[in-house]
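Participant: Have a look at this one before I ask anything.
Any read-out appearing in this document is the output of simple, stated calculations on the displayed coordinates, not a laboratory observation. Bear in mind that the values here come from a model prediction, so they are computed numbers and not experimental data. Here the Cβ positions follow ideal geometry from the backbone for every residue, glycine too, while neighbour counts run over all protein chains shown.
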Amino acid sequence: MKKFMNLPFGDEIVEREIVDYRWEIITVHFDNEDVRYRAIKLDDNKTIISESTFNTKEKAQAFIDKQ
């Protein structure tokens, strides 16, 4: 569901969409590599906006908690 907010600009009010972001932790690994954890930030369309990769799930969760 799309959310909107009215912002005042001079004498007019401009309607802007509010994007709802969420964070998830994804487990990643490739051939002959250790398992790593990727913290990804998604928008409403499930498009990745930001990401960081960590060696442990706890570090990935700590990164998300700081955001």
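Participant: So for each of 40-51, 25-36 I average, over its residues, the number of other beta carbons within 10 Å; can you give me the resulting order with the highest mean first? Could the numbers behind the result be given before it?
Facilitator: Values: 40-51: 12.2, 25-36: 9.7.
Output ranking for 40-51, 25-36: 40-51, 25-36.
Participant: Now for a different question. Under the rule of at least 5 residues apart or a separate chain, name every residue whose amide H is placed under 5 Å from the amide H of residue 44.
Facilitator: 20
Participant: Starting from the amide H of residue 54, placed 1.01 Å from N in the peptide plane, find each other amide H under 5 Å away whose residue is 5 or more places distant or on another chain.
Facilitator: Here 37, 38, 39 satisfy the definition.
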